[in-house]
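A.B. asks: Just dropping this structure here.
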Amino acid sequence: MAIHPSSYDPETSTTHYTFLPGQPDSGHRKSIKVVSVILLSSFFLLYLATFVILNNQSPNLQNKSPSASETLTPATPSRGVSQGVSEKTFKDVSGTSQVSYAWSNAMLNWQRTAYHFQPQKNWMNGPLYHKGWYHLFYQYNPDSAIWGNITWGHAVSTDLIHWLYLPFAMVPDQWYDINGVWTGSATILPDGLIMMLYTGDTDDYVQVQNLAYPANLSDPLLLDWVKYQGNPVLVPPPGIGVKDFRDPTTAWTGPQNGQWLLTIGSKVGKTGLALVYETSNFTSFKLLDGVLHAVPGTGMWECVDFYPVSTLEANGLDTSYNGPGTKHVLKASLDDNKQDHYAIGTYDPVKNKWTPDNPDMDCGIGLRLDYGRYYASKTFYDPKKQRRVLWGWIAETDSESADLQKGWASVQSIPRTVLFDKKTGTHLLQWPVAEIESLRAGDPKVKEVNLQPGSIELLHVDSAAQFDIEASFEVDKVTLEGIIEADVGYNCSTSGGAASRGILGPFGVVVIADQTLSELTPVYFYISRGADGRAEAHFCADQTRSSEAPGVAKQVYGSSVPVLDGEKHRMRLLVDHSIVESFAQGGRTVITSRIYPTKAVNGAARLFVFNNATGAIVTASLKIWSLESADIRSFPLQKL
């Protein structure tokens with residue numbers, strides 16, 4: 001299909017920067033012509049089971065008295081809320097004290113991921129493509145493994161998998177960002193200029209939008225950044241709270257010549273909304289009448305994302321594209337429940353309005369990008385491979401004291417491509433970028449297993465803590481078609497997990513388990529059938545037995561997932577020590593799990609396939625690859 005035209009080639013541009021208008025020695029054009037390529041550089045807003053196979057008993061989740069390896073510690077203080085952003089401290093135990101587990105250094109060292117991006121240490125919370133490098137700017141606390149002193153870390157990669165750390169891109173050193181350099185996005189103009197808008201928290205704790213740009217565009221590493229002398233360029237408008245105005249998106253071209261549009265998340269009362277501003281130069285802005293969209297009852301919208309998807313082709317679209325065969329995705333991170341929701345709809349740039357295809361599945365009340373521990377996500381358009389790439393922030397769900405002990409907290413998800421699901425017409429498809437397959441160590445282990453009701457089988461793999469598995473499951477047709485009604489109203493979160501058995505489920509794989517299954521995380525399908533005879537598949541991840549340690553998240557994540565006629569039940573899992581990213585039906589439904597085992601570590605982890613249904617025979621076909629570690633280290637700047 002035709003790609004949105006561009007006069008700027010990020011591989012070969014030799015443009016040098018001078019100063020923007022209004023700064024000393026200004027050498028920039030007074031007007032910026034706008035036709036073009038837009039690249040998103042998303043900078044994430046600081047947020048960023050169980051199962052007894054052969055019985056029908058739910059696991060015992062009653063609180064117990066602390067053992068010798070557990071102590072009561074004071075309640076962890078709240079972090080972030082007083083500054084107007086979401087809670088950054090994981091809260092699992094209510095009251096004035098909480099149970100702390102005596103983690104060994106070996107357990108904590110095992111939790112560190114091998115191929116997910118994370119800093120060498122401390123607290124972190126995405127990317128842009130320029131002259132052969134993907135750039136990741138991430139929110140980071142250089143002083144501690146807890147939230148605070150938010151600075152922009154910077155890393156580069158040629159493949160989105162292997163990363164090199166660079167010096168900080170920006171630090172909180174001005175009155176308009178002294179309390180944090182928060183989420184931002186980059187827009188690349190047709191002449192190569194990079195306009196970086198970001199939220200700063202002022203000395204008075206007011207959320208404002210600021211402009212920065214590279215000091216030298218000819219530098220492939222973009223090492224030095226300049227903050228605009230006239231910052232802030234946007235302040236909260238009348239009617240918007242000073243702590244409810246954050247996270248500018250990448251800009252897109254408007255219907256008028258020379259017009260750029262961008263949106264910022266906010267709320268009025270309990271109504272989440274996206275404001276729209278126009279600009280021609282990125283230093284002065286006008287708030288447009290109305291809002292791009294608003295949904296009552298959804299609360300504050302953070303990290304809003306807005307981009308087109310093709311309904312015809314299998315490639316991504318530049319952010320400004322709005323031609324034939326296009327839908328627009330509106331995504332919001334909901335501050336009230338820490339979930340990333342999206343909806344697909346139609347954008348009218350003249351009226352400045354986005355309308356969902358299905359109002360019952362509107363943004364914030366319908367589909368989620370990920371049904372697990374995944375927040376503050378953003379996409380960018382990759383011109384190198386003509387794809388849209390999604391990043392998300394995977395926060396910790398253990399105690400703050402454990403994070404301080406291990407010296408780091410939070411991880412970036414594996415980047416995912418995003419496409420419109422042409423088969424359903426209602427969902428996005430998220431899939432790990434193809435580059436992750438470069439870590440596969442040799443040929444896969446291939447296995448087909450006939451699973452009788454109530455059965456489980458050990459799968460022998462080289463590493464059960466670091467692998468990529470693709471699995472498909474075929475349910476006995478006689479049983480499937482013979483059931484009239486089963487488990488009406490099934491819900492992953494309230495089901496009791498994989499230990500709760502039904503005629504048609506659960507069946508799937510068990511990851512990060514020990515040999516005795518005292519710790520385990522099942523990821524599975526469950527089929528229910530309504531009174532109308534229609535089958536509905538559910539995709540779930542059960543963490544209720546993932547760890548014997550107290551004070552960590554232990555819940556069942558998941559949702560229903562469309563399985564169309566002729567499709568098998570298919571899943572793909574990326575397991576990386578304490579992170580499990582699970583994709584069902586080609587990415588229609590995705591779940592990210594954060595787990596903290598105490599036994600299934602350091603060579604003791606095991607992988608199983610199971611069928612805990614009471615009445616269905618399931619045939620499982622599996623391919624399993626061990627994954628090598630990514631090369632993530634400091635850039636050798638001394639060699640430049």
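The values are calculated or read from the model by the stated rules, or taken from the named source; none is laboratory data. Model, not experiment: these values are computed from the prediction. Note that we place each Cβ from the backbone using ideal geometry, even for glycine, and neighbour counts take in every protein chain shown. For accessibility, only protein heavy atoms count, side chains too; no ligands or nucleic acids. Shrake-Rupley method; radii C 1.70, N 1.55, O 1.52, S 1.80 Å.
A.B. asks: Based on alpha-carbon centroids, what's the gap between segment 165-191 and segment 326-351 in Å, whole number please?
C.D. replies: Segment 165-191 and segment 326-351 have Cα centres separated by 25 Å.
A.B. asks: Along the Cα-to-C-beta direction of Arg112, a point sits 7 Å from the Cα; which residues of segment 574-613 have their amide N less than 18 Å from that point?
C.D. replies: Within reach of a label on Arg112: 576-579, 595-597, 601-603.
A.B. asks: Could I ask something else about it? Pulled fully out, how much extra length does the chain show between Ser518 and Thr326, if you take 0.36 nm times their separation in residues and subtract their Cα-Cα distance?
C.D. replies: 64.2 nm
A.B. asks: Please report the spacing between the Cα centers of segment 358-405 and segment 243-310 in Å, no decimals.
C.D. replies: Centre-to-centre (Cα) distance: 19 Å.
A.B. asks: Let me ask something else about it. Given the pairs Lys227/Lys378; Lys131/Lys286; Lys131/Lys338; Lys270/Lys327; Lys270/Lys353; Lys568/Lys623, which span a C-alpha to C-alpha distance of over 25 angstrom in this model?
C.D. replies: The pairs that break the limit, which is 25 Å between Cα atoms, are Lys131/Lys286; Lys131/Lys338; Lys270/Lys327.
A.B. asks: Using r as the Cβ-Cβ distance of Glu567 and Ala215, and R0 as 51 Å, what FRET efficiency do you calculate, to the nearest 0.05?
C.D. replies: Given R0 = 51 Å and the Cβ-Cβ separation, E is 0.50.
A.B. asks: Whole-Hz ³J(HN,Hα) for each residue in segment 541-548, computed from phi via Karplus 6.51 cos²θ - 1.76 cosθ + 1.60 with θ = phi - 60°, x for glycine and proline: what do you get?
C.D. replies: Coupling constants for segment 541-548: 10, 9, 9, 5, 10, 5, 8, 8 Hz.
A.B. asks: So, one more: Tell me the accessible surface of Leu197 in square angstrom (1.4 angstrom probe, heavy atoms of protein chains only), to the nearest ten.
C.D. replies: Taking all protein chains as shown, Leu197 has close to 10 Å².
A.B. asks: Sticking with this one: For segment 227-280, rounded, prolate or oblate, judged on the Cα gyration tensor with a ≥ b ≥ c (square roots of eigenvalues), a/c < 1.5 rounded, else prolate if a/b > b/c?
C.D. replies: Oblate is the answer for segment 227-280, as a/c is 1.5 or above yet b/c matches or exceeds a/b.
A.B. asks: Right, another one. Could you tell me whether segment 136-434 comes out rounded, prolate or oblate from its Cα gyration tensor? Rule is a ≥ b ≥ c as square roots of the eigenvalues, rounded for a/c under 1.5, then prolate if a/b exceeds b/c, otherwise oblate.
C.D. replies: Rounded is the answer for segment 136-434, as its axis ratio a/c remains below 1.5.
A.B. asks: Might you tell me the accessible area per residue for segment 440-626, computed with a 1.4 Å probe and given in Å²?
C.D. replies: 34 Å²
A.B. asks: How much length would be gained if the chain were fully extended between Val235 and Ser493, taking 0.36 nm per residue of separation minus their Cα-Cα distance, in nm to one decimal?
C.D. replies: Gain on stretching Val235 to Ser493: 88.8 nm.
A.B. asks: Between Lys384 and Ala434, with labels modelled 7 Å along Cα→Cβ, what's the label distance in nm to one decimal, could you check?
C.D. replies: It is 1.3 nm.
A.B. asks: Kindly state, to the nearest 0.05, the FRET efficiency for Asp336 paired with Gln120, given R0 = 45 Å and r defined as their beta-carbon distance.
C.D. replies: Calculated value: 0.85.
A.B. asks: Please give me, ordered by residue number, the trypsin sites (Lys or Arg not before Pro) of segment 534-568 that lie in loop per DSSP and have at most 12 other Cβ atoms within 10 Å.
C.D. replies: Answer by residue number: Arg534.
A.B. asks: What part of the accessible area of segment 136-434, given as a whole %, is carbon or sulfur when the probe is 1.4 angstrom?
C.D. replies: Carbon with sulfur: 52 percent of the solvent-accessible area.
A.B. asks: Just flag the trypsin sites (Lys or Arg not before Pro) in segment 221-282 sitting in loop per DSSP whose Cβ has no more than 14 other Cβ atoms within 10 Å.
C.D. replies: Lys270
A.B. asks: Spin-label point model (7 Å from Cα, Cβ direction): what's the Ala441 to Glu628 distance in nm?
C.D. replies: 1.0 nm
A.B. asks: How much FRET efficiency would the formula 1/(1 + (r/R0)^6) give for Leu637 and Ala102, where r is the Cβ-Cβ distance and R0 is 45 Å, rounded to 0.05?
C.D. replies: Plugging the Cβ-Cβ distance into 1/(1 + (r/R0)^6) gives 0.65.
A.B. asks: Multiplying the sequence separation of Thr614 and Asn450 by 0.36 nm and subtracting their Cα-Cα distance, what value in nm do you get?
C.D. replies: Between Thr614 and Asn450, full extension yields an extra 57.6 nm.
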